[in-house]
1. Hey, which lysines would be in cross-link range of Lys83, C-alpha to C-alpha under 28 Å, not counting anything within fewer than 8 residues on its own chain?
2. Residues in region 93-114 near a label at Asn51, defined as backbone nitrogen under 19 Å from the 7 Å Cα→Cβ point?
3. Report, in degrees rounded to the nearest 10, the 0 to 90 angle that the Cα long axis of helix 35-49 makes with the longest principal axis of the chain.
4. Eigenvalues of the Cα gyration tensor times 5, then square-rooted: what semi-axes does that give for region 16-79, in whole angstrom, largest first?
5. Run lengths n ≥ 4 of DSSP H only: what is the helix-derived mean residue ellipticity at 222 nm for the chain, with -39500 (n - 2.57) per run over all residues, to the nearest 500?
6. Of all alpha-carbon pairs in the chain, indicate the percentage at a distance above 21 angstrom.
7. Once amide H atoms are built 1.01 Å from N in the peptide plane, which residues 5 or more positions from Leu120, or in another chain, come under 5 Å H to H?
8. Which whole-number percentage describes the relative contact order of the chain, with Cα contacts under 8 Å and a sequence gap of 6 or more?
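Where a number appears in this text, it was derived from the coordinates with a stated rule and is not lab data. What you see is a predicted model; the values in this text were computed from it and never measured. Here the Cβ positions follow ideal geometry from the backbone for every residue, glycine too, while neighbour counts run over all protein chains shown.
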Amino acid sequence: MALFQPVSYSLSGKTGGALLVELSCFDQVFFCNSGAEANEGAIKLARRYANTIKKIENGHIVTFDHSFHGRTMATLTATAQEKIQDGFAPLLEGFKYLPYNSEEALTALSQDDACIAVLLEMVQGEGGVIPADPAWVKKLAQLCKDKGILLMVDEVQTGMGRTGTWFAYEQYGIEPDVMTLAKHLGRAFRSALFLQKKK
Ligand SMILES: Cc1ncc(COP(=O)(O)O)c(C=O)c1O
């Protein structure tokens, strides 16, 4: 079931979207204007998934310490950094932060029945360039699959060939449910999108 109707605004959007579907493990594309907006779309998709399919009304999205997901209200709440959130209280409800690359995060997630989605950077760009540990990502992806948690990768920074493959997730042998892209997508133009699986 498509939770968001994919939209193409132009012929170039259509062909670009089709190409990205071909290059990735995703089926559908939703175009927007910035990385923050793409992550907003992913957050809304997760909430709709929780409300309509998982039947969890007050679920939360897990993000990771030192992450960066944007500067809108939802994405700065998703960004687990006090310096980005400072001065913008009250933040949104529905987010929990766990330590990146840690067993503690996997244990917490395995005991968490209200988590609806995980939003993950394959390489954290803020506070140092920190790649996700491949063994940890594999376990995280399996846990998400087992528990019906959406695995959403924020590839605003790492996508479009910047780590040697089209998308960094490919190097981890996983298939996320959602991926956000921006920045290098449009070269000098502000452009962004997120991709989703049909199911
Ligand atoms: C990983 C990541 N996600 C999201 C964003 C937000 O993108 P934008 O500035 O296009 O809103 C950034 C921006 O640097 C980013 O690095």
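1. Lys44, Lys96, Lys183
2. 93-96, 114
3. Result, in degrees: 60.
4. 22, 18, 11
5. One gets -9000 deg cm²/dmol as the mean residue ellipticity at 222 nm.
6. It works out to 48 percent of all Cα pairs.
7. Result for Leu120 returns Met152, Val153, Asp154.
8. Answer for the chain is 26 percent.
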